[in-house]
Amino acid sequence: MKHGAVTGGAAARARRATAALLTPLLAPLLLGSLAAAVLCRAPAAVAQAPVPVDLELLLAIDTSSSINKEEYHLQVEGLASAFRHPAVIAAIDAAGNLGIAVAVTQWAETRDQILVLPWTRVDGAASVLAMAKRIAAIERRIPGGATGISSAIEFGIAQIESNGFEGTRRVIDLSGDGRANHGPIPSISRDRAVALGITVNGLAILNEIPLLDRYFRETVIGGSGAFVMAANDWVAFAQAMLEKLVREISQSPIAGTQHPRGPSLAAR
């Protein structure tokens, strides 16, 4: 009995000694496991709230095979000139105190669309003029292809839905000089945009197809206040884009096809 008691006491002392030796080694592992458990139970990070703006405006410019080098430059410079004009800057100022978010895409056939000016918030002359300078320097990224208007609208929808902004109004502004000849008919994507609260406007260049504005009106545009602006040729594009931007940004009432009114808003 006495021998057994001594043996039992020795065993207890041995266990305590072993625990004393292991505790410093196990403590970091236990703390790490506890921290991991806490992190697993932590709530997911809150997604960043979208930035409110008065208007989300996506400008989709035609770079299909019907657009030659000169016409492309007229298109880009016309867009930049329109944003430099005091009438557009004044319209942005008058649109509200949140500013507007603008992006530019190029498009051709079904698989050829690209964002060439990332979403940019502008809210005064300095920021608008800086953006216009960036637009003027945009190089052609799509060298040609068929005319996939439906895919251009779908790409515009995706850009607006994921841009990090929340606009009071959302608009796709699509310019081109031809009817769709690749992919689904444009009205399918137009209707989807409208269902999402996105207005689709058009700028039809009539140099090759005289009644293209009618096609745009029936097949491409849709949504609240939607309209078509027609330019007789690429030289008239800048004036047409200028008047179109003023009306889109200021949300002026529009009906039917509009033609440029002349030099009263000539680009500067």
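Summary table
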| quantity | calculated |
| --- | --- |
| Charge tally in the Cβ shell below 14 Å around L211, where Lys, Arg are +1 and Asp, Glu are -1, L211 excluded | -1 |
| Cut-off under 5 Å, modelled amide H: who pairs with G99 long-range | D54 |
| ³J(HN,Hα), Karplus 6.51/-1.76/1.60, whole Hz, each residue of the stretch 74-89, x for Gly, Pro | 5, 5, 5, 5, x, 5, 5, 4, 4, 5, 7, 6, x, 5, 6, 4 |
| Residue exposure sequence - R140, R170 - by fewest surrounding Cβ within 10 Å | R140, R170 |
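Coordinate-derived values only; no laboratory data. Here the structure is a predicted model, which means the values were calculated and not measured. Cβ atoms come from the backbone with ideal geometry, glycine included; neighbour counts cover every protein chain shown.
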